[in-house]
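Reading through the structure tokens given below for one structure.
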Amino acid sequence: MAEVNPVRVTVWGEGRHEKRDANVAAHYPDGMHATIAAGIREHAGGSVSVRCATLDDPEQGLPDSVLAATDALVWWGHIAHDEVSDELVDRVQQQVLAGMGLVVLHSGHWSKIFKRLMGTSCALRWRNGDDRELVWTVDPTHPVAAGVPSPIVIPAQEMYGEFFDIPAPDELVFVSSFSGGEVFRSGCAFRRGRGRIFYFSPGDQDYPVYHHPDVRRVIANAAVWTAAPALSVTPIAYAPAGWFEGSS
């Protein structure tokens, strides 16, 4: 049997809240990115190889060498979107179009890369009121929903609500409801070029949501699913120059 190489996942995070906010540091002493990475390893096991990167790392954590060795990039950002260079956004976009997977989490909806790929404002309604979130599976056949209960019950979380200004998802996997009656498209799949993108909203920094086993499973599933094109891309066979000229 041929050996299958592990999916190469890079978890990118700002790494800022953990340094500034004692509450966040208490939930995520090693950084939110480290907790997210641990969840992917926990649920995907030996099928993945996971590294972490942060905004304050050299070349903002994602030099060409790292992007070239990444099958799926998991992105969490909140207070430093504007610090991400446009040049890095260009390079990440090109990698996605070429087949790299992208998993965008929570407030990453306002990241430069997500807005670039969506082509919309990606604005939404929100309320940070220690709310309860129920994450309902609306497509149980989707690979990202594998092994996930419906609903996922998150006892304390920031509310995200509609209208969410994104293009219609290619696949809608999860919808959330909140105690105030709000609803939200919380698990959305998109395709751009050869790349797969998955947006998953649960995970505000003020709550220990990334320790939730079902949230961790969704993120692990999403990393593996979005990586699939990068693992199976074959070169396009372009027609030779001059093919249209014909012969007399």
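Whether any residue in the range 101-110 is surrounded by fewer than 19 Cβ atoms within 10 Å (Cβ to Cβ), in contact (Cβ under 8 Å) with a residue 12 or more places away in the chain and not charged (D, E, K, R) is what I want to check. Taking every residue of the range 101-110 in turn, at least one turns out to be surrounded by fewer than 19 Cβ atoms within 10 Å (Cβ to Cβ), in contact (Cβ under 8 Å) with a residue 12 or more places away in the chain and not charged (D, E, K, R).
Evaluating Ser186 against the criteria (1) open to solvent by less than 10 Å² (accessible area, probe 1.4 Å); (2) part of a loop (DSSP other than H, G, I, E, B) leaves one unmet condition, (2). Inspect all residues belonging to the range 201-208 and state whether any of them is of a type outside the set (Val, Ile, Thr), within 21 Å of Ala38 (Cα to Cα) and part of a helix (DSSP H, G or I). Within the range 201-208, none of the residues are of a type outside the set (Val, Ile, Thr), within 21 Å of Ala38 (Cα to Cα) and part of a helix (DSSP H, G or I). For the range 10-24, the tally of residues that are open to solvent by less than 30 Å² (accessible area, probe 1.4 Å), hydrophobic (A, V, I, L, M, F, W, C) and farther than 27 Å from Ala69 by Cα stands at 1. Within the range 120-130, is there a residue that is surrounded by 15 or more Cβ atoms within 10 Å (Cβ to Cβ) and closer than 20 Å to Gly195 by Cα? Yes, the range 120-130 contains a residue that is surrounded by 15 or more Cβ atoms within 10 Å (Cβ to Cβ) and closer than 20 Å to Gly195 by Cα. Taking the stated definitions as given, is Val96 more than 20 Å from Val209 (Cα to Cα), β-branched (Val, Ile, Thr) and more than 15 Å from the chain's Cα centre (by Cα)? The answer is no for Val96. Of all residues in the range 202-248 being in contact with an Asp or Glu (Cβ under 6 Å, 6 or more places away or on another chain) and among the small types (Gly, Ala, Ser), which is modelled with the lowest pLDDT? Step by step, filter the range 202-248, then rank; the result is Ala230. Restricting attention to the range 148-183, which residues are under 17 Å from the mean Cα position of the chain (by Cα), acidic (Asp, Glu) and part of a strand (DSSP E or B)? Across the range 148-183, the qualifying residue is only Glu171. For the range 60-99, the set of residues classified as farther than 20 Å from Ile219 by Cα and small (Gly, Ala, Ser) consists of Gly61, Ser65, Ala68, Ala80, Ser85, Ala98, listed by residue number.
Considered as a group, the residues in the range 131-153 that are β-branched (Val, Ile, Thr) and more than 14 Å from His106 (Cα to Cα) include one that is most open to solvent (accessible area, probe 1.4 Å), and that residue is Thr141.
The values are calculated or read from the model by the stated rules, or taken from the named source; none is laboratory data. Computed from a predicted structure; not experimentally measured. Cβ atoms come from the backbone with ideal geometry, glycine included; neighbour counts cover every protein chain shown. These accessible areas exclude ligands, DNA and RNA; they are computed on the full protein's heavy atoms, side chains included. Shrake-Rupley method; radii C 1.70, N 1.55, O 1.52, S 1.80 Å.
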